[in-house]
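One structure is given here, and the rest of the page talks about it.
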Protein chains: 2
Amino acid sequence: MNSAPAHDEPSCSIAASLDIVGDRWTILILRDSFRGLHRFDEFRRDLEIPRAVLADRLRRLVDAGVLVKRQYSEHPPRDEYRLTDMGRELSPILVGLMQWGDRWLGGPDGPPTVLVHEPCGTEVDLRFHCGACARDFSPLEIASRR
Amino acid sequence: MNSAPAHDEPSCSIAASLDIVGDRWTILILRDSFRGLHRFDEFRRDLEIPRAVLADRLRRLVDAGVLVKRQYSEHPPRDEYRLTDMGRELSPILVGLMQWGDRWLGGPDGPPTVLVHEPCGTEVDLRFHCGACARDFSPLEIASRR
DNA sequence: GGGGCTGAGTTCATTCCCTGAACCTAGTCG
DNA sequence: CGACTAGGTTCAGGGAATGAACTCAGCCCC
């Protein structure tokens, strides 16, 4: 029955991504995962998120393949949640949010966290890069083609 | 060295950004703005979003400075919503969502939309670039420092 | 000069989800 | 034994989302 009517968003990758990560708590959980938090109670204490919501979001993220649930202790049984490669590749979105907040909403203290290229330790940021022009360019120069 | 993060998140740019764009409908409205939709009814028809929610989200985005409301016709009085520079600089987030969806959730047809560097028309994508190493690198190589 | 149309909303009843508190289970510690 | 921790589930309530109906202003047409 797939006549794919126009108003049904069949093939928008942004909408598809939002079905998985289009929720405030979900993004904050992922942010904490990147920061090195992995356990239910670590998330709960850091975010002050209701337990039921946290359990739900973790379940969805595991179902989607963004996190894996792993037992890190058998006796007592204890679980932790770790980013998969699929989850780790969400970093540009987190970085985008961070840089935009730094630039447009930042307090006078400057950015509380900076990003580095792990192998060399150099501070970096996220840029659009054009191979043809051999240069980085501003977000204002981007356009889309179907 | 990692002192316990205050449960009050005063200075997290990600959380600050989410206060403005951390909502599914908001992101979809912005996606449509980048696509060239500007009017209330264009958004409403494309997204099938309830009118009350659309009015609320547009109001918030205007209040935040992401969109501006402009009269494009005096008689009859008609308004449109346009991205400000602040809004246009959200593109890395949208692009991040799009590329992640393309890569991990993509259908067999490939990406429905590609991005080009407007001045030269070349297809681009969003990459981390390290000036010190003089190369692009994968999201998996990123790390954060306080 | 009435009827229908468009754009841009507001109001309202219902439904749904988030929230916070309490409770549960398994295991460990003193 | 009783207290404590980790990782949840259950439940009442409140607030936001939803869809339908309504408003209002102006234009279009006959």
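The values are calculated or read from the model by the stated rules, or taken from the named source; none is laboratory data. This one's a predicted model, so the numbers in the text were calculated from it and none came from an experiment. Backbone-built Cβ (ideal geometry, glycine too); neighbour counts: all protein chains shown. We work out accessible area using only protein heavy atoms, side chains counted, and drop any ligands, DNA or RNA first. Shrake-Rupley method; radii C 1.70, N 1.55, O 1.52, S 1.80 Å.
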So the label point sits 7 Å from Cα along the Cα-to-Cβ vector; using that for residue A:123, what distances do you get to the other copies, in nanometres, sorted shortest first?
3.6
Classify chain A from the C-alpha gyration tensor, please: rounded if a/c falls under 1.5, else prolate or oblate depending on whether a/b exceeds b/c.
oblate
Once the dipole of chain A is set up from charges on Cβ (+1 Lys and Arg, -1 Asp and Glu), the residue from the list A:101, A:76, A:122 lying farthest towards its positive end is A:76
Answer in debye to the nearest 20: the dipole magnitude of chain A about its Cα centre, from +1 Lys/Arg and -1 Asp/Glu charges placed on Cβ, is 180
So which residue, out of B:39, B:51, B:103, gets the largest mean-square fluctuation from a GNM of chain B using Cα contacts under 10 Å as springs?
B:103
Report which residues of the range B:98-138 become buried by 40 Å² or more of accessible surface when going from the isolated chain to the complete set of protein chains (1.4 Å probe; DNA, RNA and ligands ignored).
B:100, B:104, B:105, B:112, B:113, B:116, B:117, B:118, B:124, B:126, B:128, B:129
Can you give the helix-only mean residue ellipticity at 222 nm for chain A, where every DSSP H stretch with n ≥ 4 adds -39500 (n - 2.57) and the sum goes over all residues, rounded to the nearest 500 deg cm²/dmol?
-12500 deg cm²/dmol
Please report the carbon-and-sulfur percent of the accessible area for the range A:91-141; probe 1.4 Å, protein heavy atoms only, DNA, RNA and ligands left out.
49
The range A:13-88 - charge dipole about Cα centre, Lys and Arg +1 at Cβ, Asp and Glu -1, debye rounded to 20:
80
For chain B, modelled as a GNM with alpha-carbon contacts under 10 angstrom, which of B:126, B:28, B:83 fluctuates the most?
B:126
Over all directions, what mean area does the Cα convex hull of the protein assembly as shown project, stated in square nanometres?
19.0
Between residue B:78 and the same site in the other copies, what are the distances in nm, shortest first, taking label points 7 Å from Cα along the C-beta direction?
6.3
If you take the square roots of the eigenvalues of the alpha-carbon gyration tensor of the range A:91-141 and sort them as a ≥ b ≥ c, do you get rounded (a/c under 1.5), prolate (a/b over b/c) or oblate?
oblate
Might you list the cysteines of chain A that have no disulfide-compatible partner by the rule of another cysteine's Cβ under 4.7 Å?
A:12, A:120
Can you list the copy-to-copy distances for residue A:63, using a point 7 angstrom from Cα toward Cβ, in nanometres, shortest first?
3.3
Just to be sure I follow the definition: excluding the sites themselves, where is the longest run in chain B that has none of the GluC sites (Glu not before Pro) in a DSSP loop with at most 15 other Cβ atoms within 10 Å?
B:75-146
